[in-house]
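Asker: Pasting in a structure now, in structure tokens, and then I'll have a few things to ask.
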Amino acid sequence: MKKYTKYEDIEEKYRFDLEDILGNQTYNELKDQYFELVKKQIEIKDSKYESFENYVDSLRISEKLLILSNKIENYLSNKLNTNVVNFEINKLISEFEAKKAEYNKQFGSEINRVAQHKEKIEKW
């Protein structure tokens, strides 16, 4: 069995096709889409309780966010697995996680919002 000291030494046909995870987009395009949806989610965090339709729309945004987040995190994680000391990938991961944490802080507690809008929800 041949041993490789660097990922780059492995024949292309045996490497992970990490770009397939991204579809026909770049990492930056997916990241930008993700954070645009997060901004939208923050914008509507209270108004989504005004009607059942608004709430369903917010669930669709959450679903898209989950899919994008999974693609991005899967891509970054697998990219890191090809070279765990790669500074650039570690930097991308740190930046994505930091920005995601900042937006999560702005979004706040969904449980508190549900409790706050309980009467509206019960009317649906």
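Asker: Mean residue ellipticity at 222 nm from the helices of the chain, using -39,500 (n - 2.57) per DSSP H segment of n ≥ 4 over the full residue count, to the nearest 500 deg cm²/dmol?
Answerer: Here the helix-only value at 222 nm equals -22500 deg cm²/dmol.
Asker: Only loop residues by DSSP count here, and only those with at most 16 other Cβ atoms within 10 Å; note down the GluC sites (Glu not before Pro) in the stretch 1-106 that meet that.
Answerer: GLU11
Asker: Checking the cross-link filter: which lysines have an alpha carbon closer than 17 Å to that of LYS120, excluding same-chain neighbours under 8 positions apart?
Answerer: Counting by Cα, and skipping residues close in sequence, LYS120 has these lysines nearby: LYS45, LYS48.
Asker: Hey, got a sec? Which trypsin sites (Lys or Arg not before Pro) in the stretch 10-59 land in a DSSP loop and have at most 13 other Cβ atoms within 10 Å?
Answerer: For trypsin sites (Lys or Arg not before Pro) across the stretch 10-59 that sit outside H, G, I, E and B with at most 13 neighbouring Cβ atoms in 10 Å, the list reads ARG15.
Asker: Scale the Cα Rg of the chain by the rule-of-thumb value 2.2 N^0.38 Å and send over the ratio, two decimals.
Answerer: Against the empirical 2.2 N^0.38 Å value, I get 1.41 for the chain.
Asker: Mind checking the stretch 61-124 for trypsin sites (Lys or Arg not before Pro) that DSSP puts in a loop (not H, G, I, E or B) and that have at most 14 other Cβ atoms within 10 Å?
Answerer: Hits after loop and neighbour filter: nothing returned.
Asker: Going by alpha carbons, how many degrees (0 to 90, nearest 10) lie between the helix axis of 87-107 and the longest principal axis of the chain?
Answerer: Roughly 0 degrees, rounded to the nearest 10.
Asker: For the pairs LYS40/LYS105; LYS79/LYS100; LYS31/LYS79; LYS64/LYS123; LYS71/LYS91, flag any whose C-alpha to C-alpha distance is greater than 25 Å.
Answerer: Result: LYS64/LYS123 exceed 25 Å.
Any read-out appearing in this document is the output of simple, stated calculations on the displayed coordinates, not a laboratory observation. Note that this is a predicted model, so its numbers are computed, not measured. Using ideal geometry, Cβ is built from the backbone for each residue, glycine included, and neighbour counts are taken over all protein chains shown.
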